[in-house]
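Below is one structure, written out as structure tokens; comments come after it.
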């Protein structure tokens with residue numbers, strides 16, 4: 001039972017988009033034992049939520065003996081822009097994500113941009129007690145998460161007549 005689009009598909013599409021619009025190195029967040037990039041400007045992206053926005057719909061494929069289900073879902077990713085040019089990178093991401101051009105960039109991944117928050121400055125203190133500029137945004141996509149499960153079907157019916165008598 002595989003789902004589509006996968007989390008990996010969306011990470012790849014978002015990473016490609018972020019690299020294309022900013023030129024910065026992009027890494028996935030919440031990966032153990034991976035240090036922050038060395039460059040002055042970089043982006044960290046991570047999935048932060050999923051929410052169903054409709055009831056599961058289903059279709060049946062008799063030939064494949066499967067039930068196909070789809071759930072309309074919002075998928076939210078946090079995008080943190082670090083470095084001296086973080087504010088400009090965040091604004092560029094917001095502007096392009098909210099555009100028709102942005103929508104076109106995610107078609108192949110099976111998701112569509114829904115909305116993007118305005119950038120917020122959320123600086124962090126590095127291990128050396130130095131301030132690092134960080135601008136955070138949240139990008140929300142819409143996708144129908146689809147999967148197939150085995151389903152048995154009755155395609156033959158054997159009938160017979162039985163006489164019933166009334167009375168004692």
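Looking at (1) in contact (Cβ under 8 Å) with a residue 40 or more places away in the chain; (2) surrounded by 16 or more Cβ atoms within 10 Å (Cβ to Cβ); (3) farther than 18 Å from residue 97 by Cβ, can you tell me which one residue 7 breaks?
(2)
Given the conditions (1) surrounded by fewer than 17 Cβ atoms within 10 Å (Cβ to Cβ); (2) out of contact with any strand residue (DSSP E or B) (no Cβ under 6 Å at 6 or more places or on another chain); (3) closer than 20 Å to residue 27 by Cβ; (4) modelled with pLDDT of 95 or more, report the number of the one that residue 105 does not fulfil.
Of (1) surrounded by fewer than 17 Cβ atoms within 10 Å (Cβ to Cβ); (2) out of contact with any strand residue (DSSP E or B) (no Cβ under 6 Å at 6 or more places or on another chain); (3) closer than 20 Å to residue 27 by Cβ; (4) modelled with pLDDT of 95 or more, only one is false for residue 105: (1).
When residues of the range 108-119 are filtered for being within 20 Å of residue 9 (Cα to Cα) and either out of contact with any strand residue (DSSP E or B) (no Cβ under 9 Å at 6 or more places or on another chain) or not in a strand (DSSP E or B) (or both), how many remain?
The number of residues fulfilling the criteria is 3.
Being at pLDDT below 90 and either part of a loop (DSSP other than H, G, I, E, B) or more than 30 Å from residue 8 (Cα to Cα) (or both), is that true of even one residue in the range 130-139?
Yes, the range 130-139 contains at least one residue that is at pLDDT below 90 and either part of a loop (DSSP other than H, G, I, E, B) or more than 30 Å from residue 8 (Cα to Cα) (or both).
Among residues belonging to the range 79-90 that are surrounded by fewer than 17 Cβ atoms within 10 Å (Cβ to Cβ) and touching a residue at least 40 places away in the same chain (Cβ under 8 Å), point out the one that is farthest from residue 20 (Cα to Cα).
Among those residues, the one meeting the criterion is 84.
Based on this model, can you work out whether residue 47 counts as under 12 Å from the mean Cα position of the chain (by Cα), surrounded by 12 or more Cβ atoms within 10 Å (Cβ to Cβ) and farther than 30 Å from residue 154 by Cα?
Against the criterion (under 12 Å from the mean Cα position of the chain (by Cα), surrounded by 12 or more Cβ atoms within 10 Å (Cβ to Cβ) and farther than 30 Å from residue 154 by Cα), residue 47 qualifies.
I need the strands (runs of 3 or more DSSP E) fully contained in the range 27-86, keeping only those with at least 3 residues that are at pLDDT 95 or above and under 30 Å from residue 128 (Cα atoms).
So the answer is 42-52, 66-82.
Could you grab me the full set of residues in the range 1-20 that are outside any helix (DSSP H, G or I) and at pLDDT 95 or above?
none
The values are calculated or read from the model by the stated rules, or taken from the named source; none is laboratory data. Predicted model, so just to flag it, every value in this text is computed and none were measured. As a convention, Cβ positions derive from the backbone with ideal geometry for all residues, glycine included, and neighbour counts pool all protein chains shown.
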